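S.K.: Input: one structure, supplied below.
Every read-out reported here was derived from the displayed coordinates using simple, explicitly stated rules and does not represent laboratory data. Keep in mind it's a predicted model, so treat the numbers as computed, not measured. As a convention, Cβ positions derive from the backbone with ideal geometry for all residues, glycine included, and neighbour counts pool all protein chains shown.
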Amino acid sequence: MAHAVAKSYGTLKTFPGGVHPSDRKELSRDCPIEDAPIPERVYIPLSQHIGAPCKPVVEKGDTVRMGQVVGEAGGFVSAPVHASVSGTVAGIEERIHIFGAKVPCVVIDNDGRDQWFEGCNQPVDYSDWDHDAIRGKVRQAGLAGMGGATFPTHVKFSPPPEKPIDTVIINGVECEPYLTCDYRLMLESPQRIIDGAEIILRAVRCNRCIIAVEANKPDAYEVMREYVSGHDKISVEMLEVKYPQGAEKQLIKALLGREVPSGGLPMDVGALVSNVGTTAAVYDAVALNKPLIERLCTVTGEGVERPSNFLARIGTPLTVLLEKTGMRPGAKKFILGGPMMGLAQFTTDLVVIKGTSGVLVLMEADSGEYENCIRCGRCVDACPTYLIPSELSILAEAGEWEAAKEKNVLDCIECGVCAYVCPARRPIVHLIKLAKAELLRMKKEFEAKKKAAEAKE
Ligand code: SF4
Ligand code: SF4
């Protein structure tokens, strides 16, 4: 189907490398967005973004309302977290986070009244707001990238003056197999995305916006085109179906022909990329004074009886969503996110956070067995960031962290393409993540020692 679409739309842009995994989106693509059950108790993790964790500002027994801040941002690269139900704070409890460690969560008993905090969820006249006012509101609303990266949005909206943004890219690619919530959002709420894109253009003082959609979503492409018809700053572009087309650097390469430098950011080449879900949330934050207390999430996979696209409150236990969809007996693998970049979990005892784009339940699990590299070169040909994944995995296996760094291991976007094509089933991404974590640990250790030495002087 993707090839027929590609033909009728002419030659489509894309990036070098990449793969074409079976997308399995047919399981949930026709499931309209539905409200997820609202639980009796929510657990709001104080660490949901890249950056510093939040500091709790409520305590046991406090009454809270929807949209009220329960955790304050712990620094500039951080974002506050808010109550997603009205009710009473039952305490602050440590719970398992998707990365395996325990993090403190504000536990709220839902009073069932759905009462908003003062001033929230009401239309706002923002017509005369400048970029600082918009960025401030986005920060206050706790926005973080909802495509899975969870980078605090206001930081992205604050490029230094020497790095002006000339193109905003709204990312509706959703290239991860199985996931369909961004697709449903484009079909069901296109105006929120357009309005959010206009707000982002104002926030970063830019006059050009491209909404990117992959060719396996022709109906979403047509809807978005209809809604931007006649718009002088916003256009829609269809891209070839290829994984990881939705990764920031690959999207910029495909659309603008620009290479984000090693260790660099999109702003280094004048671009800003915002996921469609984040863009709609920008509209909600600015035009409705609505903090990020809910998100879209696809619950799908062969291990689910009724795949669904949910609008779920942040802090909802995943078991609540899985009860609604049903799980098939014998389901073996549970992943947060998609099968390529998602994180396999050992428990379903987790909650929806700002980055939970999908919950995937599969009937088959990997054996965990792998073989030595046979130097076939497939991973090198497919790597979209021009790395040598085979070499990186061997260096990581040997604990050669510095050597891996010299071979640019930190540029890996963890897309999973190398592991997907590897005939030896080597856990390349796992090994690369290990090398990155070790390098980060070593950097922190070095900085702490330097600080201690400076303090002594
Ligand atoms: S090395 Fe990194 S960027 Fe390259 S294919 Fe593997 S996971 Fe993707
Ligand atoms: S695809 Fe696997 S076996 Fe082939 S070169 Fe890469 S790591 Fe080695």
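S.K.: With unit charges on the beta carbons (Lys and Arg positive, Asp and Glu negative) and the dipole taken about the Cα centre of the stretch 273-324, which residue among Val282, Thr300, Pro317 sits farthest to the positive side?
M.R.: Value: Val282.
S.K.: Grab the alpha carbons of the chain, take their convex hull, and tell me the volume per residue in Å³.
M.R.: Working: hull volume 73.0 nm³, N = 457.
Dividing the Cα hull volume of the chain by its residues yields 160 Å³.
S.K.: What is the packing order of peptides 151-160, 34-43, taking the mean over residues of other C-beta atoms within 10 Å and listing the highest first? Don't skip to the end; give the middle numbers.
M.R.: Values: 151-160: 20.9, 34-43: 17.7.
Final packing ranking: 151-160, 34-43.
S.K.: Turning to a different aspect of this structure: Between the stretch 296-326 and the stretch 407-432, what's the alpha-carbon centroid distance in Å?
M.R.: If you average the Cα positions of each part, the centres end up 29 Å apart.
S.K.: How high is the relative contact order of the stretch 41-110, in percent, counting Cα pairs under 8 Å that sit 6 or more residues apart? Can you show the working numbers first?
M.R.: Working: 177 pairs, mean separation 25.6, N = 70.
Reported as a whole number, the value is 37 percent.
S.K.: Continuing with this model, one more query. Just going by the charge dipole of the chain, with Lys and Arg at +1 and Asp and Glu at -1 on Cβ, which of Ala455, Gly270, Leu27 is farthest out on the positive end?
M.R.: Working it through, the farthest residue towards the positive pole turns out to be Ala455.
S.K.: Can you give the calculated 222 nm mean residue ellipticity of the chain, where each DSSP H run of n ≥ 4 adds -39,500 (n - 2.57) and the sum is split over every residue, rounded to the nearest 500 deg cm²/dmol?
M.R.: Details: 14 runs with 138 residues, N = 457.
Helices in the chain give a 222 nm mean residue ellipticity of -9000 deg cm²/dmol.
S.K.: Could you list Leu27, Leu143, Leu321, Leu392 in order of exposure, starting from the residue whose Cβ has the fewest other Cβ atoms within 10 Å?
M.R.: Numbers: Leu27 20, Leu143 29, Leu321 23, Leu392 26.
Listed from fewest to most nearby Cβ atoms, that is Leu27, Leu321, Leu392, Leu143.
S.K.: Further question: Taking Cα centroids, how far is the stretch 138-201 from the stretch 77-96 in Å?
M.R.: With the stretch 138-201 and the stretch 77-96 each reduced to a Cα centre, they are spaced 24 Å.
S.K.: Next question, about the same structure. Residue by residue, what Karplus-based ³J(HN,Hα) values in Hz, rounded to whole numbers, does the stretch 42-47 have, using 6.51, -1.76 and 1.60 with θ = phi - 60° and x for Gly and Pro?
M.R.: Computed from phi, the couplings for the stretch 42-47 are 10, 10, 9, x, 7, 10 Hz.
S.K.: Let me ask something else about it. Once R0 is set to 41 Å, what does the formula 1/(1 + (r/R0)^6) return for the Cβ-Cβ distance between Ser229 and Asp35, expressed as a FRET efficiency to the nearest 0.05?
M.R.: Numbers: r = 31 Å, r/R0 = 0.75.
Efficiency computed from Cβ-Cβ geometry: 0.85.
S.K.: Placing +1 at every Lys and Arg Cβ and -1 at every Asp and Glu Cβ, with all other atoms neutral, what dipole size does the stretch 378-450 have around its Cα centre, in debye to the nearest 20? Show your work: numbers first, answer last.
M.R.: On the way: 12 positive and 11 negative charges, 46 e Å.
Roughly 220 debye for the stretch 378-450.
S.K.: Another question, then. For q values of 0.09, 0.17, 0.20, 0.21 Å⁻¹, compute log₁₀ I(q)/I(0) with the Debye formula on a Cα-only model of the stretch 65-190, without solvent.
M.R.: Summing over Cα pairs of the stretch 65-190 leads to -0.37, -1.27, -1.42, -1.42.
S.K.: Equivalent ellipsoid semi-axes for the stretch 378-450, as square roots of 5 times the alpha carbon gyration tensor eigenvalues: give them largest first, rounded to whole Å. It would help to have the intermediate numbers written out before the result.
M.R.: Values: eigenvalues 116, 24, 18 Å².
Over the Cα atoms of the stretch 378-450, the semi-axes work out to 24, 11, 9 Å.
S.K.: Let me ask you something else. Residue by residue, what Karplus-based ³J(HN,Hα) values in Hz, rounded to whole numbers, does the stretch 264-272 have, using 6.51, -1.76 and 1.60 with θ = phi - 60° and x for Gly and Pro?
M.R.: x, 10, x, 4, 5, 10, x, 10, 9
S.K.: Continuing with the same structure: Can you list the GluC sites (Glu not before Pro) in the stretch 312-406 that are in a DSSP coil and have 14 or fewer other beta carbons within 10 angstrom? List each step's numbers first, then the result.
M.R.: On the way: sites: Glu323, Glu364, Glu369, Glu371, Glu391, Glu397, Glu400, Glu402, Glu406; in loops: Glu364, Glu369, Glu371, Glu400.
Sites meeting the loop and neighbour criteria: Glu364, Glu369, Glu371.
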